[in-house]
Every structure is written in C-alpha cells, then in structure tokens.
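The block underneath contains the structure these notes are about, expressed in structure tokens.
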Amino acid sequence: MDSGLAISSPKPYSVITTGSYASKASQHTKKTQIKYNLKRVQQLSLGHRYKCIEGGFAYQECNRKYVVQAVPESSFDSEPHTSNPQIILHSVKDFLATLCTLSYPYAMIGLALCALSSSLLAVEKLSDISLSFFVGVLQAAVPQLFFAIYSNALNQVSDLEIDKINKPHLPLASGQLSLKTVVIIAASFLTLSFWLSWIVGSWPLIWNLVLITSIWTAYSVNVPFLRWKKNPILAAMCMVSSWAFVLPITFFLHMQTFVLKRPIVFPRSLILAIVIMNFFFVGMALAKDIPDVEGDKIYGIDTFAIRIGQKQVFWICIFLFEMAFGVSLVAGATSSSLLVKIITVICLLPHIGCMQL
C-alpha cells in the first residue's frame with residue numbers, strides 16, 4: 001500500500017541587515033538544517049519518489065515542503081509481465097505463418113481434395129456417407145498433410161542454393177528458419193504421419209506413405225543415383241506416379257476395404273479418375289519448372305523448360321490441362337445420371353473457358 005511522508009524545513013526567518021553575529025549564526029544553522037533535511041530525502045530508497053514545492057514572500061529566504069510518496073517496486077516490474085502473453089502469442093503467429101509458407105498451402109489443399117474425391121468413388125449408396133465416412137477421410141488426409149510438410153521441407157533443404165535465386169521468399173532461403181530447424185521440422189512431421197497411419201491401422205494408408213516417401217525422397221535428396229528432379233523424365237514420373245496412381249488408389253482402397261468393409265474392386269470411375277489425373281499432372285510436372293529456369297541452369301537441373309523453352313512448355317501444359325478437363329466433361333455429360341451431367345457441365349465449362357483465354 002502506498003504511503004506518504006512529509007518533511008518540512010524550519011519556519012521562515014527574516015534576513016537581518018544589521019550584520020550581527022547572532023543573526024548570521026542563526027541563519028547558518030537554519031541553512032544547515034535545510035541541507036540536512038534535503039540530504040535525508042535524497043537518501044530514501046529508489047522505490048520512492050518525491051516532489052518539492054517552493055514558495056516565498058518578502059523577507060523570506062526559503063519555504064520548502066517535501067512530500068515523499070512510496071510506490072511499490074512491483075509496479076515497475078509488472079509491465080514486462082503483462083506484455084509477455086502478447087509476445088508469446090505474436091511469436092506463435094509468426095511461427096505458424098512461416099510454417100505455412102514452408103509447407104505450400106495450395107499443395108495441402110490439393111491433398112485434402114484428393115482424399116475426399118477418391119473416397120467418394122467408393123460410395124455406392126447415400127447411406128455410405130455417414131460419420132464413419134468423414135472420419136475415414138480425415139484418417140486419409142491428416143497423415144498426408146503432415147507428409148506434405150516433410151516433403152516440402154526436404155525439398156527446400158536440398159534446393160537451398162537454388163531457392164536463393166528462384167524463390168528467395170521461402171523461409172529457409174530468406175533466413176527466417178535455420179537449416180537445423182527445417183531438418184527437425186521435416187523429421188518430426190514425417191514421424192507424425194507414419195505414427196498416425198500406424199495408429200489408424202489401415203494398410204492402404206501405410207503403403208501409401210511408404211511409396212510416396214520413397215518417391216519424393218528420391219526426387220529431392222542429393223545423393224548418388226537419386227536427386228531424380230535433375231532429369232525431366234524422372235521428375236515427371238515422380239509427380240504422375242504419386243498423384244495419379246498412388247494417392248487415388250490407396251485413398252479409394254482405404255475407404256473401400258477399411259471403412260466400408262467391402263472387397264477390393266477397381267470400378268470404372270476409379271480408372272477414369274486415374275486417366276484424367278495423368279493428363280493433369282503431366283501438365284503440372286512441366287508447368288512447375290517454367291518460373292525456375294534461371295536457377296536451374298546455374299545448378300545443372302535439366303528441365304523441359306530449359307530444353308525447348310518456357311513458352312513452348314507453357315502451351316503444352318495448356319493443352320494437357322484442356323485434355324484433362326475435356327475428358328472429364330465428356331465422361332460427365334454422357335453419364336446416365338442427370339444430376340451428374342448438370343454438375344459436370346457447371347463445374348468444368350468455366351475452367352475450360354479460362355484455359356482458352
């Protein structure tokens with residue numbers, strides 16, 4: 001509790017002009033008392049503050065009153081403590097934003113949609129879409145999202161010098177994250193993805209992770225006989241094999257055999273999806289190298305964009321994307337279900353129109 005202390009100097013005294021010895025002695029004594037009182041105030045602890053009020057009138061030399069108010073020392077220390085939660089919250093937000101940049105959110109969105117669409121291929125009747133269906137989709141999607149963080153982090157570690165030229169905004173290339181931190185993040189999320197799949201107990205999901213981990217590690221890591229991204233054909237095969245074959249097939253089998261408890265079958269809808277995704281991801285494999293020509297040339301990464309030119313590769317990609325959407329449109333429009341026809345036309349025609357533009 002704050003406390004107050006008042007210290008007053010002796011009463012005002014008159015200045016004697018006659019110069020008597022007694023008056024001078026009295027004046028000297030009073031000045032000494034004032035100085036002594038002031039010195040005592042100055043010796044108070046640093047946790048106190050004081051103010052001086054000065055006043056005077058004719059024939060008065062000084063009239064001072066010192067008011068000392070005690071302030072608890074904890075009040076000075078309380079400000080850093082109150083700001084600590086804000087600092088922690090700000091740090092967490094910054095880390096999550098950096099992690100988001102590290103993991104390429106658009107790739108994670110694609111993985112989640114792939115898990116959902118492939119799982120829908122196993123649905124035979126409306127009652128199949130139940131709580132267990134959505135739980136099964138999450139079981140397939142979440143480990144894949146963790147794996148995506150591993151894959152992107154590993155690729156950025158392997159491409160550190162190239163990314164300083166092609167993608168200097170990335171967390172590792174820009175110095176936002178250290179190499180050691182990114183390696184720890186990659187190892188942690190790979191472990192989490194395998195652990196979750198093992199806890200779920202679905203063999204299609206376990207084989208999914210084994211296969212795509214092998215593919216994308218061979219794609220990125222810079223060791224003899226690997227680093228497949230240096231060869232344009234091997235790089236395209238990595239993307240097509242994982243996105244067009246491994247992911248849709250294993251997601252479908254997880255829903256078909258593990259969630260819905262049905263025997264293994266390969267319906268025409270799954271085969272059609274694989275064909276469409278082959279067109280699409282061959283185009284994606286070519287398109288991803290178009291903006292990276294400068295750094296790839298310096299570090300010896302051979303791509304079709306370097307071999308035949310960026311413009312030519314761009315139009316090849318447009319053709320492949322149109323083929324993917326065109327096959328989807330034809331398949332949907334020729335379906336026996338009116339609802340499928342309507343949904344297909346509504347969803348795909350705008351995309352094909354954008355490609356033409």
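The values are calculated or read from the model by the stated rules, or taken from the named source; none is laboratory data. As the structure is a computational prediction, the values presented were derived from the model and not from experiment. Virtual Cβ from ideal backbone geometry, glycine too; neighbours counted across all protein chains shown.
Observations
- Leu209 vs. criteria surrounded by 17 or more Cβ atoms within 10 Å (Cβ to Cβ), closer than 16 Å to Asn152 by Cα, of a type in the set (A, V, I, L, M, F, W, C) and in the same structural domain as Leu172 (by TED's automatic domain parsing): yes
- Taking the criterion of being farther than 27 Å from Val330 by Cβ, among the charged types (D, E, K, R) and in a helix (DSSP H, G or I), the residues of the range 264-311 that qualify are Asp292, Glu294, Asp296, Lys297, Arg307, Lys311.
- Top-ranked residue of the range 254-263 - restricted to ones that are assigned to a helix (DSSP H, G or I) and within 11 Å of Val123 (Cβ to Cβ), ranked as farthest from the chain's Cα centre (by Cα): Gln256
- Taken over the range 250-298, the criterion of being aliphatic (A, V, I, L, M), buried (at least 20 other Cβ atoms within 10 Å of the Cβ), in contact (Cβ under 8 Å) with a residue 60 or more places away in the chain and farther than 15 Å from Ala324 by Cβ is satisfied by Met255, Val259.
- Exactly one residue out of Val135, Val223 is surrounded by fewer than 13 Cβ atoms within 10 Å (Cβ to Cβ) and within 18 Å of Thr257 (Cα to Cα): that is Val135.
Per-residue answers, yes or no, for (1) within 26 Å of Phe251 (Cβ to Cβ); (2) buried (at least 19 other Cβ atoms within 10 Å of the Cβ); (3) of a type in the set (A, V, I, L, M, F, W, C); (4) touching a residue at least 60 places away in the same chain (Cβ under 8 Å):
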| position | (1), (2), (3), (4) |
| --- | --- |
| Pro143 | yes, yes, no, yes |
| Glu161 | no, no, no, yes |
| Ile165 | no, no, yes, yes |
| His169 | no, no, no, yes |
| Gly175 | no, no, no, no |
| Leu190 | yes, yes, yes, no |
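- Within the range 299-332, the residues that satisfy the criterion of being in contact (Cβ under 8 Å) with a residue 12 or more places away in the chain and under 15 Å from Ser269 (Cβ atoms) are Val327, Ser328, Ala331, Gly332.
- Summed over the range 177-188, residues that are assigned to a helix (DSSP H, G or I), hydrophobic (A, V, I, L, M, F, W, C) and either surrounded by 14 or more Cβ atoms within 10 Å (Cβ to Cβ) or not assigned by TED's automatic domain parsing to the domain that holds Ala107 (or both) total 4.
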